[in-house]
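First comes the structure, then the notes that go with it.
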Amino acid sequence: MAASRPGVDHVWFRRYPPTVPKELDIPSRLIPEVIEDAVRRWGDKAALVYYGARWTYRRLWEESGHFAAALARDGVGPGDRVALYLPNCPAYPVALLGTLRLGAIVVQVSPLYLGQDLSHLLKDSTPKALVTLEILYPNVDHVRSEYSVPVLYVARLREFYPFWTRPFVNLVLRRQGRTTTFPRGDRSVRPWTWTVRLRGTPPAFHGDPATTVAVLQYTGGTTGVPKAAMLSHRNLVANLMQINSWNTRRTPGEETILAVLPFFHIYALTVALLAGLAEGATIVVQTRPDVPEMLKLIDRYAPTQFPGVPALYQAFLRLPGIETHRIRSIKFCCSGSAPLPVEVARRFEELTGGTLIEGYGLSETSPVTHVNPTEGERRPGSIGLPLPNTDQRVVDVETGTRVLAVGEVGELDVHGPQVMLGYYHQPEETALVLRDGWFRTGDIARIDADGFAFIVDRKKDIVNVGGLKVYPREVEEVLYQHPSVAEAAAIGVPDPELGEVVRAFVVPKSGTRPSEPELIAFVKERIAHYKAPRSIEFRTTLPRSGVQKVLRRVLKDEASAAPAPPGPVGSTTNPGR
């Protein structure tokens, strides 16, 4: 199957909505150039809304320029890395655009990371600067012996709220056990407010969008060891154009997008933020996906678009009295990161009157490659059709070289302008997944006669916790650090709310009797909480192959045949807690 080009007539084109082009002319432009066009066109319109505070497109552009100038003064230049260790808040898009305007590279860091997770990403990416909040600063300080970032830009969360609500922000944070003390005496720290208000002109940057890396997006790929997908400016510009061309229900300059998903995730970065800013949308920013709070934002701002994940839509539908809220303002939603149950989509559309379609993508593809049509037939269980300029094929799992026929099951490959440049300083890993421009997704799929793709299984052992990926190996390595653990294995088990959660199997060392709460707490102290097991089963042995490899598939089969053990006290539907 040839790479996508003008004149090629793929079978799936016949299922495209009539107004969606088969091919897009992807401009050779940097992301800031695309956003600057929106600033010229919608300068006085609200680009960001954050709990009542507003940033116009012009203010967003000005503050990002001041931040870029500050980076330059602190020795950051083109190609240097700037880590964004932030939850959703206005500092994120300002720092993102400022970094890109300088020609530097954004390093995506989950605000849920601490300890080993955080230090690994910092040591791997070696950022010259890091942007964070005062509530997260202690986590950065804690790993300084592993890697010390030269310059830290630290904001107070309260400064992004309207002034009349700021006193209450610190009160709530302290009740949550968060620090609200701004770091003093640390010469590497720059206060955020001073940074974005100190006027300065950023140095002009003119790079090749096709080869200039914009974002390092960390993913475990096929091995479970985090590595950074290098996404170029062209990758991201192409994908935001592909997404917007597919969304036939949008009106440029008139959309309001509820950004509930975290921007550190590539799905939210592209679908909720960049695609919206490129077309003059107002982005309503929510710090974390709390559903009752989300409904208050819906009632106040009447969003027209609501990108989400199945767990979020399920939680949305379970709320009593949901139909009394302004949910019928929502006209378009795209679900990704996990399979979308057909009944959830049906019920959501029934309540809102909007369209909820399932899509598919990966960190390595910026991320979207497939989406179900917004008009015409949507096939239940399918991830949809390839976006414009995107090709697909299914190849044999063993060699990855033999293209399979319609309906045959094999590994899904994709080809398009959104496919990454490769993994950062990991050529061997890159060679495993990129061949002649085709990206090997690692997912097992089939393609029907009309071009609809269906994911059948996973080649990887990734556990998908509400759209957040967990790799069994990293959980097992933490468990092995406990003095009472002799052997450990982790798998994903079904969960009605999150899709999957982690279950661990532990063989204790002779003479020890570790408890389930003890081990779960031990893991939570070292990696993100959503990665911790929800349940632990103690065993005397683990099933192994002839070469002594733990057989996770046997454990999964046994787990599916047995009643699920109760989760620990304090389990929550929020994977970030």
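Before moving on, here are some points about what is shown:
- Qualifying residue in the range 556-566 (condition: touching a His at 6+ places or on another chain (Cβ under 9 Å) and modelled with pLDDT of 80 or more): no
- Looking only at residues in the range 89-136 that are more than 21 Å from Thr195 (Cβ to Cβ) and not in a helix (DSSP H, G or I), the one that is farthest from the chain's Cα centre (by Cα) is Thr126.
- Some residue of the range 475-485 being surrounded by fewer than 18 Cβ atoms within 10 Å (Cβ to Cβ), of a type in the set (Ser, Thr, Tyr) and either touching a Ser or Thr at 6+ places or on another chain (Cβ under 9 Å) or within 18 Å of Ala559 (Cα to Cα) (or both): yes
- Considering residues of the range 366-398 that are part of a strand (DSSP E or B) and of a type in the set (A, V, I, L, M, F, W, C) only, the residue surrounded by the fewest Cβ atoms within 10 Å (Cβ to Cβ): Val395
- Per the listing Thr355, Thr401, the residue uniquely touching a strand residue (DSSP E or B) at 6+ places or on another chain (Cβ under 9 Å) and crowded, with 16+ Cβ neighbours inside 10 Å is Thr355.
- Scanning the range 63-88 for residues that are over 14 Å from Val151 (Cβ atoms) and in a strand (DSSP E or B) returns no hits.
- Residue among Leu240, Leu157 that alone is closer than 30 Å to Ile462 by Cβ and outside the structural domain of Pro472 (by TED's automatic domain parsing): Leu240
- The residue that is surrounded by the most Cβ atoms within 10 Å (Cβ to Cβ), among those in the range 196-223 that are at pLDDT 90 or above and of a type in the set (S, T, N, Q), is Gln217.
Per-residue answers, yes or no, for (1) touching a Phe, Trp or Tyr at 6+ places or on another chain (Cβ under 8 Å); (2) outside the structural domain of Pro162 (by TED's automatic domain parsing); (3) buried (at least 18 other Cβ atoms within 10 Å of the Cβ):
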| site | (1), (2), (3) |
| --- | --- |
| Val284 | yes, no, yes |
| Asp290 | no, no, no |
| Leu319 | no, no, no |
| Thr324 | no, no, no |
| Ala338 | no, no, yes |
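- The listed residue being in contact with a Lys or Arg (Cβ under 9 Å, 6 or more places away or on another chain) and more than 30 Å from Leu30 (Cα to Cα), out of Gly115, Gly200: Gly115
- Tallying residues that are surrounded by fewer than 17 Cβ atoms within 10 Å (Cβ to Cβ), on the phi < 0 side of the Ramachandran plot and either out of contact with any strand residue (DSSP E or B) (no Cβ under 6 Å at 6 or more places or on another chain) or part of a strand (DSSP E or B) (or both) within the range 498-511 yields 2.
- Restricting the range 111-150 to residues that are small (Gly, Ala, Ser) and in contact with a Leu (Cβ under 8 Å, 6 or more places away or on another chain) leaves a set whose member that is surrounded by the fewest Cβ atoms within 10 Å (Cβ to Cβ) is Ser125.
The values are calculated or read from the model by the stated rules, or taken from the named source; none is laboratory data. Computed from a prediction, not measured in an experiment: that's the story for all the values here. Cβ atoms come from the backbone with ideal geometry, glycine included; neighbour counts cover every protein chain shown.
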